[in-house]
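Asks: Sending over a structure as structure tokens; questions will come in a sec.
The values are calculated or read from the model by the stated rules, or taken from the named source; none is laboratory data. From a predicted model like this one, the values you see are computed outputs, not experimental measurements. Please note: Cβ atoms are built from the backbone with ideal geometry, for glycine as well, and neighbour counts cover all protein chains shown.
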């Protein structure tokens with residue numbers, strides 16, 4: 001058994017951090033992640049650099065990583081035609097397009113209706129795929145949105161259908177607000193797989209409400225074999241209470257290891273990458289397994305431990 | 001569907017804390033937990049007060065809580081005949097006895113062989129049950145021990161058999177070192193239930209390696225209906241890297257709520273208890289859901305959120 005983990009540390013992971021990461025720092029993180037076996041890497045976003053300074057160096061980063069690590073599948077987010085042009089110039093053959101399913105979220109986040117964003121996205125996907133670029137379409141807040149609560153399954157299935165028809169080869173159900181619960185994950189994943197058996201399905205889960213790993217486990221049980229993760233559980237904004245963090249790569253690897261599922265990733269190597277990121281951020285990250293290495297004093301020797 | 005959650009905050013939870021909690025502080029925590037619906041409460045340990053100062057006031061605490069909250073099932077740990085006497089004097093009708101399954105853990109922790117500890121424990125259980133006290137026997141490190149790794153299923157089943165024969169009405173499989181993984185939890189819980197269908201089975205899970213909630217979810221799937229939890233995920237020793245913490249009560253309640261399983265507990269009330277404990281400890285606790293209340297700025301409004 002095997003799963004594919006897409007590493008989000010350089011993309012979704014760092015975007016919430018106010019400390020800006022330079023190119024050399026990002027390349028060092030990539031080097032450590034590659035050593036740990038990472039073969040699918042989110043590198044940032046082709047947006048206006050002024051709106052998200054953290055990803056202003058995505059073009060160069062992508063070019064360098066593609067040169068140095070030809071066996072890593074690199075990807076990044078695009079939001080418009082200009083982004084696709086930049087991505088293609090940097091050599092990317094795989095891109096990610098994000099679409100909302102909640103109307104309120106779309107209005108607040110994109111300033112347009114969900115239908116308008118969908119129309120623009122399907123046009124973008126058609127253009128990109130015509131140019132030979134593979135597209136993964138992510139459904140933002142597919143499991144619930146803070147404005148509307150749980151999202152109707154029919155709305156998700158309808159969006160998946162439109163994105164697949166436009167040429168997206170993979171659908172990512174994103175629990176952006178961390179509102180998913182495991183039975184819901186099982187239900188929705190099974191429904192999408194049943195309705196669109198030909199399309200790749202992945203899950204992008206946040207640990208905002210503590211259920212990140214439980215939802216990942218439930219997704220696996222429902223047949224999902226691709227998940228987004230971020231080293232150290234990056235994606236947590238340290239200055240906003242309740243801000244979401246991604247599922248920590250190392251904790252997901254530890255979970256799958258216990259289940260006998262191969263991730264291709266090495267735990268010790270991942271902990272070295274987490275150590276490096278923690279040193280740059282000057283704070284501990286949220287992942288658990290790297291702090292619980294075998295040499296640490298076990299709770300078992302405390303007199304009253306149960 | 002319904003599960004029973006035993007609250008460990010006052011017992012296992014505070015024992016790792018160097019700050020000593022006075023009687024009034026503990027009673028205030030109990031008051032908030034009772035308001036949140038807690039009906040099963042671990043209150044401490046009848047050990048030599050000098051060896052664990054945090055639980056030195058267990059006798060008085062038990063007496064007061066039993067007077068003030070007659071509908072709460074109180075329990076505490078005992079380790080010898082003297083402890084049973086103290087417990088009975090304080091009015092307790094339910095006690096917990098802990099037994100190791102790993103030989104190395106037993107030697108290091110108890111200074112005796114596992115067989116010797118088992119003999120003493122079964123004698124203690126027989127005495128206590130003869131006196132009308134109900135006993136829960138906890139198997140320490142049932143899912144693995146840092147010295148020996150995974151524990152053989154046969155060893156666990158054998159221990160369960162001896163404890164049940166001695167009169168224990170409930171068995172708690174404790175993942176003291178946080179080494180369990182979900183498939184193992186399912187397997188072991190199913191094996192114990194199949195071999196001893198007449199005995200109550202509960203799980204005491206630690207989140208040391210990040211799998212606390214996943215293991216709880218897996219245990220529920222295997223038919224377990226009683227779990228130990230601690231408000232805020234207490235049981236984490238802040239000064240020892242990699243020290244174990246219990247599964248956070250509020251996160252477990254949130255998980256079960258999403259599954260449509262009744263815990264009898266109120267999330268808002270639990271968050272008030274967590275707030276109070278955090279104020280006393282002057283640090284945030286590990287539970288997630290209380291930090292992700294609806295009013296907090298959602299990740300969804302960040303420009304690039306997936």
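Asks: Within the stretch A:242-264, can you find the residues that are within 18 Å of residue B:214 (Cβ to Cβ) and not in a helix (DSSP H, G or I)?
Replies: A:245, A:246, A:247, A:248, A:259, A:260, A:261, A:263
Asks: Could you say whether any residue in the stretch A:69-77 is buried (at least 22 other Cβ atoms within 10 Å of the Cβ) and at pLDDT below 95?
Replies: No: the stretch A:69-77 contains no residue that is buried (at least 22 other Cβ atoms within 10 Å of the Cβ) and at pLDDT below 95.
Yes or no, residue by residue, for (1) within 17 Å of the chain's Cα centre (by Cα); (2) closer than 13 Å to residue A:76 by Cβ; (3) in contact (Cβ under 8 Å) with a residue 60 or more places away in the chain; (4) surrounded by fewer than 15 Cβ atoms within 10 Å (Cβ to Cβ):
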{"site": "A:21", "(1), (2), (3), (4)": "no, no, yes, no"}
{"site": "A:27", "(1), (2), (3), (4)": "no, no, no, no"}
{"site": "A:33", "(1), (2), (3), (4)": "yes, no, yes, no"}
{"site": "A:40", "(1), (2), (3), (4)": "yes, yes, no, no"}
{"site": "A:51", "(1), (2), (3), (4)": "no, no, no, yes"}
{"site": "A:58", "(1), (2), (3), (4)": "yes, yes, no, no"}
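Asks: Would you pick out the residues in the stretch A:103-121 that are more than 13 Å from every other protein chain (Cβ to nearest Cβ) and over 16 Å from residue A:155 (Cβ atoms)?
Replies: A:112, A:120 - these are the residues of the stretch A:103-121 that are more than 13 Å from every other protein chain (Cβ to nearest Cβ) and over 16 Å from residue A:155 (Cβ atoms).
Asks: Can you pull out every residue in the stretch A:184-202 that is within 14 Å of another protein chain (Cβ to nearest Cβ) and either touching a strand residue (DSSP E or B) at 6+ places or on another chain (Cβ under 8 Å) or not in a helix (DSSP H, G or I) (or both)?
Replies: Listed by number, the residues that qualify are A:185, A:188, A:202.
Asks: Scan the stretch A:26-45 and tell me whether some residue there is more than 18 Å from residue A:226 (Cα to Cα) and within 14 Å of another protein chain (Cβ to nearest Cβ).
Replies: yes
Asks: Against the definition (at pLDDT 95 or above, surrounded by 14 or more Cβ atoms within 10 Å (Cβ to Cβ), within 14 Å of chain B (Cβ to nearest Cβ) and more than 27 Å from residue A:150 (Cβ to Cβ)), how does residue A:95 come out, yes or no?
Replies: yes
Asks: Here is a further query. Could you identify the single residue in B:161, B:131 that is touching a residue at least 40 places away in the same chain (Cβ under 8 Å), out of contact with any strand residue (DSSP E or B) (no Cβ under 6 Å at 6 or more places or on another chain), surrounded by fewer than 18 Cβ atoms within 10 Å (Cβ to Cβ) and over 30 Å from residue B:249 (Cβ atoms)?
Replies: Residue meeting the stated conditions: B:131.
Asks: Quick check on the stretch A:147-182: of everything there that is more than 21 Å from residue A:8 (Cβ to Cβ) and not in a helix (DSSP H, G or I), which residue is nearest to the other protein chains (Cβ to nearest Cβ)?
Replies: The qualifying residue nearest to the other protein chains (Cβ to nearest Cβ) is A:181.
Asks: Let me ask another. Residue check: is residue B:149 more than 18 Å from residue B:188 (Cβ to Cβ) and at pLDDT below 95?
Replies: Answer is no for this residue.
Asks: In addition: Go through the stretch A:276-289 residue by residue and tally those that are part of a loop (DSSP other than H, G, I, E, B) and either under 16 Å from residue A:30 (Cα atoms) or touching a helix residue (DSSP H, G or I) at 6+ places or on another chain (Cβ under 9 Å) (or both).
Replies: Number of matching residues: 5.
Asks: So is residue A:185 surrounded by 24 or more Cβ atoms within 10 Å (Cβ to Cβ) and over 26 Å from residue A:29 (Cβ atoms) or not?
Replies: yes
Asks: Before we move on, is residue B:245 farther than 21 Å from residue B:39 by Cα, free of Cβ contacts under 8 Å to residues at least 12 places away in the same chain and either in contact with a strand residue (DSSP E or B) (Cβ under 8 Å, 6 or more places away or on another chain) or within 13 Å of another protein chain (Cβ to nearest Cβ) (or both)?
Replies: Judged against the criteria, residue B:245 is not a match.
The rows are residues; the columns are (1) modelled with pLDDT under 90; (2) surrounded by fewer than 17 Cβ atoms within 10 Å (Cβ to Cβ); (3) within 22 Å of residue A:28 (Cβ to Cβ).
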{"position": "A:256", "(1), (2), (3)": "no, no, no"}
{"position": "A:260", "(1), (2), (3)": "no, yes, no"}
{"position": "A:267", "(1), (2), (3)": "no, no, yes"}
{"position": "A:274", "(1), (2), (3)": "no, no, yes"}
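Asks: Return the residues of the stretch A:203-238 that are farther than 18 Å from residue A:14 by Cβ, at the interface with another protein chain (Cβ under 7 Å from one of its Cβ atoms) and either assigned to a helix (DSSP H, G or I) or touching a residue at least 12 places away in the same chain (Cβ under 8 Å) (or both); say none if nothing qualifies.
Replies: A:209, A:211, A:213, A:214, A:217, listed by residue number.
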